[in-house]
Amino acid sequence: MSKVTCDMAMSLDGFTAGPNQSLRNPFGEGEDGRLTRWMVDEPEAHAEVIAGVVDAGAFIMGRNMFTPGRGAWDLGWTGWWGEEPPYHAPVFVLTHHPREPLTMKGGTTFHFVTDGIEAALERAREAAGDRAVAVAGGAATVNQYLAAGLIDELRLHVAPVFLGRGERLLAGMDNLDLEPAGEPWGTALVTHLTYRLPRRA
């Protein structure tokens with residue numbers, strides 16, 4: 001069975017995005033690129049980590065990560081990433097609103113899943129084959145997969161900033177067993193932490 005991974009950039013107080021995410025502020029108000037500054041300012045120092053974020057055979061994300069819209073689909077919206085998203089693999093988007101698959105340049109096809117996290121994971125595993133499945137975010141989606149015991153490896157990229165409010169990772173988690181995998185490392189802009197989780201399902 002393919003490994004399920006998750007990479008999340010987060011603040012010291014546990015937020016992966018600020019409040020009121022919108023077209024103008026895709027990571028919410030007050031984030032202003034601070035959580036991922038290390039990717040932009042120090043790409044060489046973190047090249048292996050950056051490559052690992054999109055090293056999977058399939059991806060899963062919540063609707064809020066794909067679009068700022070709510071309710072019925074704006075079919076003209078094709079994601080934040082332009083004509084060629086960085087995934088180059090099938091991406092399964094959790095939603096309550098059906099939509100036909102959306103094929104983009106570079107091998108990315110977005111599939112819209114209306115029947116829950118387990119169904120999305122089953123489809124992603126089938127698409128990934130022997131490669132990993134990555135739960136890409138946002139925080140609410142990752143929290144659901146963690147609570148269900150469906151993530152094998154959690155990689156946190158902690159920026160030395162406080163957001164104070166917004167989308168919090170690990171919110172409401174009880175008895176989450178995290179086993180350190182490797183030594184923490186980083187620079188002044190970020191600390192990289194990797195944890196293994198026992199599979200419960």
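Of note:
- Calculated P(r) of the stretch 1-103 - Cα pairs past 18 Å, %: 57 percent
- Under a Gaussian network description of the chain, with springs only between Cα atoms under 10 Å, the residue in 74, 13, 152 that fluctuates furthest is 74.
- Choice from 31, 100, 126 showing the highest fluctuation, given a GNM over the chain with Cα pairs closer than 10 Å: 100
- Dipole-positive endmost among 102, 45, 82 within the stretch 1-126 (Cβ charges, Cα centre): 102
- The P(r) of the chain has a tail past 26 Å containing 30 percent of all C-alpha pairs.
- On a per residue basis, the convex hull of the C-alpha atoms belonging to the stretch 135-175 measures out at 93 Å³.
- With every protein chain in place, the stretch 59-195: carbon and sulfur % of accessible area (1.4 Å): 50 percent
- Computed from the C-alpha gyration tensor, the three semi-axes of the ellipsoid equivalent to the stretch 105-201 are 25, 17, 16 Å, from longest to shortest.
- Cα gyration tensor shape of the stretch 11-63, rounded if a/c is under 1.5, else prolate or oblate by comparing a/b with b/c: oblate
- Sorting 165, 63, 196 by accessible area puts them as 165, 196, 63; the probe is 1.4 Å, largest comes first, and only protein heavy atoms count.
- When the chain is treated as a GNM with alpha-carbon contacts under 10 Å, the residue of 104, 61, 173 showing the greatest mean-square fluctuation is 173.
- For the chain, calculated [θ]222 nm from helices alone, where every DSSP H run of n ≥ 4 adds -39500 (n - 2.57): -4500 deg cm²/dmol
The values are calculated or read from the model by the stated rules, or taken from the named source; none is laboratory data. Treat the numbers as computed from the prediction; the structure is a model and nothing was measured. Cβ coordinates were reconstructed from backbone atoms using ideal geometry, including for glycine residues, and neighbour counts include every protein chain displayed. Accessible surface is based on the protein model in full, side chains and every heavy atom, while ligands, DNA and RNA are left aside. Shrake-Rupley method; radii C 1.70, N 1.55, O 1.52, S 1.80 Å.
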